[in-house]
Amino acid sequence: MKFEENEVTKMLRDPELQRKAFEMIVAEYQDQLYWQVRRMISDHDDADDILQNIFIKAWVNIDSFRGESRMSTWLYRIAMNECITFINKKKAEQKVSLSDPDSDPVRHLESDSYFDGDTMEGLLQKALLTLPEKQRLVFNMKYFKEMKYEEMSDILNTSVGALKASYHIAVKKIAVYIENNV
Amino acid sequence: MKYEEEILKKCGKGNPFRVPEGYFDNLSQRIMNSLPEKDMSVRPLMSVAVARRHHRLLLRLTSIAAACIGLMFVIGLYVHRSDKSLQIAKVESKVKVEQLSDQDVESMVHSSHMDDYTLYQYLSDSEN
């Protein structure tokens, strides 16, 4: 069954159909949100937890979605907030345990059995982990998702100009990292 | 863009991550099962028209509440001023009511905002 956003938004207004409509939303967006989160967080279990939190938050706040923005924009906004909250929490924990080798995100990524680190795609992923999280977000949205700056601006609540600058800086840093680590 | 092309050429857009086997097969169900039950009294989404009606009603109620507060303030002010006027009347009554001219009484009535009977009572009491 094809996902028609207008139809699903109408169904959300009906308490009898709301859960069914939400199930359709989950089915439509679970994969793309998972991969977007996974590229940000790297670890599968963490990405899985975050994905569940995203949909729980969306469900709890579904009455506030009035179709003024696209469903994907609304969900991405929740997803990116969840990712940033998770990263900040992780950073705070790592400050407490600096001696833990797992606190180095690149080393942690290399030890992940669900990650193929020997490929160029893997090297790009490692390069991404060296970026500040906002730049990583912007790079993922633009490079992998080919999202327009205007949509990114809606999701991240940042000006188009700042996003463009952020992307250019990220791209340059990644190119240098790859050059030095091939 | 030079650097972007360089990255694309060297790394492409492939995905180096994998997921446990069958992960996506039951993901929807698992997510749906993890959702909290919604309160059965959950309000359906309001239509724009209903929301506008509610907004107008809220505005009206707010205006009425503001008017009531304003009225209470004015009444309070009147009572306060009346008390003052009565005090003045009492002081002046010591002078002797008989000495007051009709004009004085008229002016007192006007400034005290009391009805004639109340004013009469005060003036009479002050004589005793």
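Observations, loosely collected:
- Only one of the numbered conditions (1) within 17 Å of B:Leu27 (Cβ to Cβ); (2) more than 10 Å from chain B (Cβ to nearest Cβ); (3) more than 16 Å from the chain's Cα centre (by Cα) is violated by A:Val37, and that is (3).
- Every listed requirement among (1) away from chain B (no Cβ under 13 Å); (2) among the small types (Gly, Ala, Ser); (3) open to solvent by 60 Å² or more (accessible area, probe 1.4 Å) is met by A:Ala92 save one, (3).
- Every residue from region A:54-71 that is surrounded by fewer than 18 Cβ atoms within 10 Å (Cβ to Cβ) and in a helix (DSSP H, G or I): A:Ile56, A:Lys57, A:Val60, A:Asp63, A:Ser64
- Considering A:Val160, A:Val138, the condition of being in contact with a helix residue (DSSP H, G or I) (Cβ under 7 Å, 6 or more places away or on another chain) and surrounded by 15 or more Cβ atoms within 10 Å (Cβ to Cβ) is satisfied by A:Val138 alone.
- Total residues in region B:1-37, condition surrounded by 12 or more Cβ atoms within 10 Å (Cβ to Cβ), under 16 Å from A:Phe115 (Cβ atoms) and more than 7 Å from chain A (Cβ to nearest Cβ): 1
- Filter pass, A:His108 being more than 11 Å from chain B (Cβ to nearest Cβ), farther than 29 Å from A:Glu5 by Cα and not aliphatic (A, V, I, L, M): yes
- Matching entry among A:Leu131, A:Leu109 (being assigned to a helix (DSSP H, G or I) and under 20 Å from the mean Cα position of the chain (by Cα)): A:Leu109
- Which numbered condition A:Gly161 misses (of (1) over 27 Å from B:Tyr23 (Cα atoms); (2) within 13 Å of chain B (Cβ to nearest Cβ)): (2)
- Residue within region B:31-41 that is at pLDDT 80 or above and in contact with a strand residue (DSSP E or B) (Cβ under 7 Å, 6 or more places away or on another chain) present: no
The values are calculated or read from the model by the stated rules, or taken from the named source; none is laboratory data. Note that the structure is predicted; figures quoted are calculated from it, not measured. Heads up, the Cβs are rebuilt from the backbone with ideal geometry, glycines too, and the neighbour counts pull from every protein chain shown. Areas reflect the complete protein model, heavy atoms only, side chains present, ligands, DNA and RNA absent. Shrake-Rupley method; radii C 1.70, N 1.55, O 1.52, S 1.80 Å.
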